[in-house]
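Have a look at the structure below, then the notes.
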Amino acid sequence: MNKIRPPRVTFHQLRTLEAVVRLGSITRAAGELHLTQPTVSAQIHELQSALDTALVEPAGRGIRPTEAARLLQETALDMFARWQRFEEDLQALHGLERGLLRIAGVTTTEYFIARWLRRYTDSHPGIEIELAVDNRDAVVRRLRQDETELAVMMMPPDNLPLQRVPLMRNPLVLIGPAGHPWAGARRVPRKSLDGQPMLMREAGSGTRLATEAYLRTHGLTPALRATLGSNEAIKHAVAAGLGLAVLSRHALAEDPAQDGVAVLPVAGFPIERRWLLVWRSDRRLSLAARRFVEHVQDHPPDADAASAGKGRAGDDRAG
Ligand code: PGA
């Protein structure tokens with residue numbers, strides 16, 4: 001590549017020349033730029049001698065820009081536009097150094113989301129993170145009310161325009177207390193669930209929505225014994241023998257016995273769902289959020305998301 005020679009002219013001179021060519025007059029250019037006429041004339045002369053080229057020629061009582069001046073004006077406009085892009089990029093860069101990332105996740109995401117955020121903050125140490133953890137309906141409300149830019153959930157609403165990136169699988173398992181008689185069986189028929197005491201998450205929970213859809217589809221009628229407001233409360237209540245429940249596998253320890261529960265091999269379980277990273281397609285994402293999306297795409301949350309996740313956007317809709 002040729003070595004670049006720094007230009008022998010200044011931005012001030014170019015700005016003046018641009019106005020002179022556009023307005024076809026030293027007087028009008030001086031008026032627009034709030035300069036005196038002699039200053040404008042002097043700058044044009046400096047440019048002419050720096051470039052060794054005539055830029056204006058006399059015409060009647062005024063002047064006329066030469067062909068060289070028009071060429072220079074075009075070049076100057078390109079340079080100004082390029083400079084403006086640079087200033088915008090610079091601002092964005094500062095935004096990225098000190099930005100805010102607002103993200104909301106459904107309750108089960110609290111078991112893994114911190115790990116992703118950790119990796120993101122490693123490469124973007126200046127970004128402050130505002131993470132809201134709530135049930136599905138509350139997360140949807142945050143998206144609708146612009147209280148969050150990004151959201152992680154398994155059942156995005158159909159009535160909001162959303163972009164979706166598929167993430168990892170979210171198998172919903174049926175659990176009972178450790179030592180439950182079904183735990184040792186190879187397979188328990190679905191119908192065995194009829195009349196069983198069942199614990200449910202609160203209304204507005206995506207886990208509950210998926211469970212109800214599943215029960216409805218298969219015509220199953222367990223006996224609702226209690227509604228509890230969190231995954232942890234559900235786990236403790238199941239461990240205490242209050243009933244059976246459906247819960248994300250991610251909410252359980254690797255060995256569920258550590259939580260005092262057992263995964264029950266009832267036919268049709270786990271209910272296969274998937275988490276999605278979503279954001280409103282009718283909103284412009286902040287640079288911090290865009291970088292987070294890129295980060296998640298470059299570093300899929302687990303190997304499974306890398307192989308099974310691609311191209312499945314929109315698979316997991318409500319009921
Ligand atoms: P939730 O989460 O039950 O806490 O609403 C479920 C989901 O992944 O949407």
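Look through Gln73, Gln84, Gln43, Gln91 and report the one residue that is in contact with a strand residue (DSSP E or B) (Cβ under 8 Å, 6 or more places away or on another chain) and part of a helix (DSSP H, G or I).
Gln73
Within region 144-157, how many residues are in contact with a Lys or Arg (Cβ under 6 Å, 6 or more places away or on another chain) and in a helix (DSSP H, G or I)?
Final tally of qualifying residues: 0.
Would you call Thr109 within 15 Å of the ligand (Cβ to nearest atom) and assigned to a helix (DSSP H, G or I)? Give the steps one after another, and end with the answer.
Numbers: within 15 Å of the ligand (Cβ to nearest atom): yes; assigned to a helix (DSSP H, G or I): yes.
Yes; evaluated as a whole, the condition is true for this residue.
Of all residues in region 80-106, which are touching a Leu at 6+ places or on another chain (Cβ under 8 Å), of a type in the set (A, V, I, L, M, F, W, C) and either modelled with pLDDT of 95 or more or open to solvent by 70 Å² or more (accessible area, probe 1.4 Å) (or both)?
Selection gives Ile103, Ala104.
Could you grab me the full set of residues in region 168-183 that are within 16 Å of the ligand (Cβ to nearest atom) and not charged (D, E, K, R)?
Met168, Asn170, Pro171, Leu172, Val173, Leu174, Ile175
Among the candidates Ala183, Ala178, Ala226, Ala239, single out the residue that is without any contact (Cβ under 8 Å) to a residue 60 or more places away in the chain, among the small types (Gly, Ala, Ser), farther than 27 Å from Arg115 by Cα and touching a strand residue (DSSP E or B) at 6+ places or on another chain (Cβ under 7 Å).
Selected residue: Ala226, the only one of Ala183, Ala178, Ala226, Ala239 that is without any contact (Cβ under 8 Å) to a residue 60 or more places away in the chain, among the small types (Gly, Ala, Ser), farther than 27 Å from Arg115 by Cα and touching a strand residue (DSSP E or B) at 6+ places or on another chain (Cβ under 7 Å).
Restricting to region 155-167, give me the number of residues that are within 14 Å of the ligand (Cβ to nearest atom), under 30 Å from Pro256 (Cα atoms) and open to solvent by 10 Å² or more (accessible area, probe 1.4 Å).
Summing the residues that are within 14 Å of the ligand (Cβ to nearest atom), under 30 Å from Pro256 (Cα atoms) and open to solvent by 10 Å² or more (accessible area, probe 1.4 Å) in region 155-167 gives 1.
Return the residue satisfying two criteria in turn: it lies in region 255-303 and is part of a helix (DSSP H, G or I) and either within 16 Å of the ligand (Cβ to nearest atom) or of a type in the set (Val, Ile, Thr) (or both), and of such residues it is surrounded by the most Cβ atoms within 10 Å (Cβ to Cβ).
First, pick out the residues of region 255-303 that are part of a helix (DSSP H, G or I): 256-259, 287-298, 303.
Still in the list and also either within 16 Å of the ligand (Cβ to nearest atom) or of a type in the set (Val, Ile, Thr) (or both): 293, 296.
On the way: Val293: 16, Val296: 19.
Only one residue fits best here, namely Val296.
If you go through region 184-230, how many residues are β-branched (Val, Ile, Thr), more than 16 Å from the ligand (Cβ to nearest atom) and open to solvent by less than 40 Å² (accessible area, probe 1.4 Å)? It would help to see each step written out before you state the result.
Initially, region 184-230 is screened for residues β-branched (Val, Ile, Thr), giving 188, 207, 211, 217, 221, 227.
Then drop every residue that is not more than 16 Å from the ligand (Cβ to nearest atom), which leaves 188, 217, 221.
Next, only the ones that are open to solvent by less than 40 Å² (accessible area, probe 1.4 Å) stay: 188.
Residues that pass the stated criteria total 1.
If I ask for residues that are open to solvent by 70 Å² or more (accessible area, probe 1.4 Å) and of a type in the set (Gly, Ala, Ser), which ones from region 144-154 would you list?
Of everything in region 144-154, nothing turns out to be open to solvent by 70 Å² or more (accessible area, probe 1.4 Å) and of a type in the set (Gly, Ala, Ser).
Check Leu215, Leu193 and return the single one that is free of Cβ contacts under 8 Å to residues at least 24 places away in the same chain, over 17 Å from Asn231 (Cα atoms) and not acidic (Asp, Glu).
Leu215
Give just the number: which of (1) touching a strand residue (DSSP E or B) at 6+ places or on another chain (Cβ under 7 Å); (2) part of a loop (DSSP other than H, G, I, E, B) does Ile129 not satisfy?
(2)
Residue check: is Leu72 in contact (Cβ under 8 Å) with a residue 40 or more places away in the chain and either under 19 Å from the mean Cα position of the chain (by Cα) or surrounded by fewer than 16 Cβ atoms within 10 Å (Cβ to Cβ) (or both)?
Details: in contact (Cβ under 8 Å) with a residue 40 or more places away in the chain: yes; either under 19 Å from the mean Cα position of the chain (by Cα) or surrounded by fewer than 16 Cβ atoms within 10 Å (Cβ to Cβ) (or both): no.
When the stated conditions are applied, Leu72 does not pass them.
Name the residue that is farthest from the ligand (Cβ to nearest atom), counting only residues in region 231-245 that are surrounded by 15 or more Cβ atoms within 10 Å (Cβ to Cβ) and within 19 Å of Gly105 (Cα to Cα).
By that ranking, first place goes to Ala233.
Do you know which residues across region 116-143 are away from the ligand (no atom under 12 Å from the Cβ), open to solvent by 40 Å² or more (accessible area, probe 1.4 Å) and within 15 Å of Leu277 (Cα to Cα)?
Those that are away from the ligand (no atom under 12 Å from the Cβ), open to solvent by 40 Å² or more (accessible area, probe 1.4 Å) and within 15 Å of Leu277 (Cα to Cα): Leu131, Arg142.
The values are calculated or read from the model by the stated rules, or taken from the named source; none is laboratory data. Please read these numbers as outputs of a predicted model, since none were measured by experiment. All Cβ positions, glycine included, derive from the backbone under ideal geometry; neighbour counts span all protein chains shown. These area figures cover heavy atoms from the full protein model, side chains too; ligands, DNA and RNA do not enter into them. Shrake-Rupley method; radii C 1.70, N 1.55, O 1.52, S 1.80 Å.
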